[in-house]
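The values are calculated or read from the model by the stated rules, or taken from the named source; none is laboratory data. Treat the numbers as computed from the prediction; the structure is a model and nothing was measured. Neighbour counts are summed over all protein chains in view; Cβ atoms, including those assigned to glycine, are modelled from backbone coordinates with ideal geometry.
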Amino acid sequence: MYRRLALSTLLAASAVLGRPSLGYRTTPQVYEACINPNQIALTFDDGPYIHLRSISDQFTAAGAKATFFFNGNNYDCIYAADRIADIRYAYAAGHMIGSHTWSHADLTELSTAQIQDGMFRMEEALSRILGVSPAFMRPPFGSYNDNVQSIAFGRGQSLALWDTDTEDADGATVAFSESVYNQVATSKAKNALILEHETVNTTDSKLVQYALSLFRERYKLVTLAECVGVNPYQAIGVPQEQSASWTCSGTPKPGKACGTGSKPITCETGTPVFVSASTSTPTLTPTHRANSP
Ligand SMILES: [Zn+2]
């Protein structure tokens, strides 16, 4: 049905809202490891929080790239002024941003509408703040099932897991987390996809420097998207104008979901508004774009 729409309708629609094609698509997959050799992706979950800018700077100073999987309403509200500024700062520095869902609920315990809502609200925040549509979603706790997977795939997103866990958010000591890094280095692993958390003080103050120093010689430190060889975003448009609707009030609280409790929050199951970079030259196919000025 969609494919039969008139060209003019498609042009008009993709120019304003909708999801414009980048002309580069990958079939969504579940990634549990990097693919490219000699690359390590260090990934940081549960932010945006107070350590985002510092971690971003440490990677930038080392000529490395980090990957952040954000929540909308977890340690802080993603719409807090400092969080918005820090997210834009890390993104502008070339670090990758992915979805960790709105409220960090265990998706395997939610209904289909609740899962959609958790993904929608996070996508909406990234569309508003950065003007991007994420191509990767990391399920909270790494917890997913067939339903979660098919919903994510339906939203064009791959699931991003990991193969190495520093356990920094599970109360592990710094020494333990460092031993996890050492194991990767001494075993001469082909590559590694490593889990950390932006929200842990010592991850920012100790682990990041340790990992950067340890791995820099032998490995290229890249984003998760780069180490699996796909685009980090389904589409890149422009950030939106901030309004009163940019709020965490009236949204699911950390660990909670829509549609429950005495005053249930309405579940959002659609696709968020996305503003394209250009309203005059929407891209239909890579061929058209390649020939455009
Ligand atoms: Zn998490």
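Could you grab me the full set of residues in the range 58-75 that are among the hydroxyl-bearing types (Ser, Thr, Tyr), over 20 Å from residue 250 (Cα atoms) and within 16 Å of the ligand (Cβ to nearest atom)? Working first, answer last.
Filtering the range 58-75 down to residues among the hydroxyl-bearing types (Ser, Thr, Tyr) leaves 60, 67, 75.
When the remaining residues are screened for being over 20 Å from residue 250 (Cα atoms), the result is 60, 67.
Listed by number, the list holds a single entry, 67.
Considering each of 78, 55, 87, 97 in turn, give the residue that is within 21 Å of residue 200 (Cβ to Cβ) and away from the ligand (no atom under 16 Å from the Cβ). I'd like the intermediate steps shown before the answer.
Values: 78 fails: away from the ligand (no atom under 16 Å from the Cβ); 55 fails: away from the ligand (no atom under 16 Å from the Cβ); 97 fails: away from the ligand (no atom under 16 Å from the Cβ).
Being within 21 Å of residue 200 (Cβ to Cβ) and away from the ligand (no atom under 16 Å from the Cβ) holds for just one of 78, 55, 87, 97, which is 87.
What is the one condition in (1) away from the ligand (no atom under 16 Å from the Cβ); (2) in contact (Cβ under 8 Å) with a residue 12 or more places away in the chain; (3) among the aliphatic types (A, V, I, L, M) that residue 160 does not satisfy?
Single failed check for residue 160: (1).
Check 221, 207, 212, 195 and return the single one that is in the same structural domain as residue 62 (by TED's automatic domain parsing), touching a Lys or Arg at 6+ places or on another chain (Cβ under 7 Å) and either touching a residue at least 40 places away in the same chain (Cβ under 8 Å) or over 22 Å from residue 56 (Cβ atoms) (or both).
Numbers: 207 fails: touching a Lys or Arg at 6+ places or on another chain (Cβ under 7 Å); 212 fails: touching a Lys or Arg at 6+ places or on another chain (Cβ under 7 Å); 195 fails: touching a Lys or Arg at 6+ places or on another chain (Cβ under 7 Å).
Among 221, 207, 212, 195, only 221 is in the same structural domain as residue 62 (by TED's automatic domain parsing), touching a Lys or Arg at 6+ places or on another chain (Cβ under 7 Å) and either touching a residue at least 40 places away in the same chain (Cβ under 8 Å) or over 22 Å from residue 56 (Cβ atoms) (or both).
Just to be sure I understand, how many residues within the range 163-194 are within 16 Å of the ligand (Cβ to nearest atom), aliphatic (A, V, I, L, M) and crowded, with 22+ Cβ neighbours inside 10 Å?
2
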